[in-house]
Structure formats: C-alpha cells, structure tokens
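Enquirer: Sharing a structure with you now.
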Amino acid sequence: MTSILVTGASAGFGRAICHDLVSAGYTVVGAARRFDKLQSLKAELGERFIPIQMDVSDKASVTAALSELREQGVVISGLVNNAGLALGLDKAQEADFADWEVMITTNVVGITYLTHQLLPTLVEQKGYIINIGSIAGTYPYPGGNIYGATKAFMKQFSLNLRADLSGTGVRVSNLEPGLSGGTEFSTVRFKGDAQRAQELYDGTNSLQPEDIAHMVTWLFQQPPHININRLEVMPTSQSFSPLAVYRQ
Ligand code: NDP
Ligand code: 8X3
C-alpha cells in the first residue's frame, strides 16, 4: 500500500487536501501536532486515512513518526509539505525575534527534516513532492519579512530538488497561493485575534481550502512525464500595487 503524507492535516489547506485526495481514491497519512483534530478527521474519512502525530520542527518527532509508519507497513510515495505558519505582521525593526525563530524552524528547518528523511523512499517509489509555498515568497510586502523569506526558501528548495532528482522520476512542485480564507492562518498570525483575521478576508471572495485541495489533487493526477515546477495562484480580487516611494 502506498500513501501520500500530508503535513498540517489538522486544519485549513491540509485538512481539505486530505479530504480531496481520499475522495479521489488515494490513501493519505495526515500529520500534525493536534492529534485530536486528526482523530476527528479519521472519523470522517475512514480506512484510507491514517493519522500520525508529528511536530515538523522537532527532528526526533519526525523520525519517530516515520518509523511508526514503517512499522505499520505504510510506504510513502507522495509528500505534501503543507505545515507552516506566519507569526506577526510587524515591520522587521519592530518584530519579536521569537516569532522569527518559530517561522524558520517550522517552515524552513521542518521541511528539510521530513524531506531529507523521505527522499530515499520517494526515489524508490518514483514519487512526488508538493511544497505549499506562497506568493509571499515572490512578492515582498510590509511585515512579510521572515515569512516571505521562508517561502522564498521553499521555492528555491523545490527547484534545486528538481535539479538533483533529474532522472529519478521523482516530481517536485511548489504551489504558491495568495490570499486564502477559511483557514486558521491569519488567526495564528495575529496571535488569536480572530476578528482582525476575519476583517482581512471580508468582501474579498478569497481562495478557499477546497480550491487549493483540488489543485493538489490535479497535480497528483498529471501523467508521470509532466512536472509543474511552480503554480502561482491568486483570487481574482487580489492584484498588484505600485512600488512604494517614500517622500520627505
Ligand atoms: P492553518 O493555520 O489553517 O493550518 C496550518 C497547519 O500547519 C495546521 O494543521 C497546523 O497543525 C500545522 N502546523 C503548524 N506548525 C506545525 C508543526 N510545528 N508541526 C506540524 N504541523 C504544524 O493554515 P493554512 O492551511 O492556511 O496554511 C497551510 C500552509 O499554506 C502554510 O504553509 C501556509 O504558509 C501556506 N499558505 C497559506 C495561505 C493562506 O492565505 N491561508 C496562502 C499561501 C500559503 P497543528 O497546529 O495541529 O500542528
Ligand atoms: C499567505 C499569503 O499574502 O498573506 O502565504 O502572505 S499572504
């Protein structure tokens, strides 16, 4: 039995991705820190969903979870590196360094722990890695400082993985969404201020978790000779601003 491992499965995109992939016939391993949320998802999705507790920012936790999966006979042929977060929207010179550390250890170091440990299996399986980047990895905005930089890392890591995996049959894509509501992302970013988070999406007709989930399933369904390197997607309501010019 081969399975797709989706990190950050307890909420938002990850939860919707698990739903969509199971509906499309895949067997899915859902990983996150909040195991109770994964158990609820298991109750909804049934046999083709395997919950596993994992903190991607903790190497020992990643190693233990992968070893538990191996003991269960689970072979991973697809990896969706979705777990991630932004903390704060303050300017760099006003930001809390502890927030920067959490973003780096989760979005950057976390993705390397899991990907490095799974690469031998993914090569054996001619598997597929889908990283959930962001438009913030390409377009700068005030307060995006470290969050955007972690997503730029994911973009370049994805492309460099492609270079190394040439000839193995392993595919790598970086899916880069813009403004997306219906997740816990902004509530986490604003440290539990759900009202501020909601105001960001009011009237925007933003992307929704199901939209991203359909794109992930579509990527997995592409024939083996096609590799989508990057998929950048925004809601129609989101666009570009002029460059800022400060006048004295
Ligand atoms: P949510 O906050 O709704 O979900 C984040 C998920 O990541 C949760 O399941 C959380 O699970 C998990 N997670 C966070 N830290 C860890 C950790 N250390 N170990 C394991 N799991 C962790 O956010 P979204 O669904 O919106 O975001 C998912 C991804 O999409 C992120 O990488 C985000 O940067 C990216 N993204 C989001 C956009 C948006 O506007 N919403 C747009 C572009 C990209 P738990 O707390 O249970 O561990
Ligand atoms: C999340 C999208 O624009 O809030 O990655 O940075 S944005």
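Enquirer: Setting aside same-chain residues fewer than 8 positions from residue 191, which aspartates and glutamates have a Cα under 17 Å from its Cα?
Expert: Output for residue 191: 90, 94, 96, 99, 101, 199.
Enquirer: Which order do the peptides 68-79, 231-242, 149-160 take when ranked by the mean count of other beta-carbon atoms within 10 Å per residue, highest first?
Expert: Going from most to least packed, we get 149-160, 68-79, 231-242.
Enquirer: Next question. At 1.4 Å probe size, with the rest of the protein present, what percent of the exposed accessible area of the chain is carbon and sulfur atoms?
Expert: 52 percent
Enquirer: Sticking with this structure for a sec: HN-Hα J couplings of the range 236-243 from phi, Karplus 6.51/-1.76/1.60, θ = phi - 60°, integer Hz, Gly and Pro as x?
Expert: 4, 6, 9, 8, 10, 10, x, 5
Enquirer: Taking amide H positions as placed 1.01 Å from N in the peptide plane, with prolines and chain starts having none, which residues 5 or more places from residue 232, or on another chain, fall under 5 Å of its amide H?
Expert: Correct list: 176.
Enquirer: Computed from the mean reciprocal separation of all distinct C-alpha pairs, what Kirkwood hydrodynamic radius does the chain have, in Å?
Expert: 18.5 Å
Enquirer: Pairs 42/155; 91/151; 37/126; 42/151: which are spaced more than 27 Å apart, C-alpha to C-alpha?
Expert: 42/155; 37/126; 42/151
Enquirer: State the volume of the convex hull built on the alpha-carbon positions of the range 105-248, expressed per residue in Å³ and rounded to an integer.
Expert: 147 Å³
The values are calculated or read from the model by the stated rules, or taken from the named source; none is laboratory data. Remember, it's a predicted structure, so these values are computed and weren't measured experimentally. All Cβ positions, glycine included, derive from the backbone under ideal geometry; neighbour counts span all protein chains shown. Note: accessible area is taken over every heavy atom of the protein model, side chains too, but ligands, DNA and RNA are not part of it. Shrake-Rupley method; radii C 1.70, N 1.55, O 1.52, S 1.80 Å.
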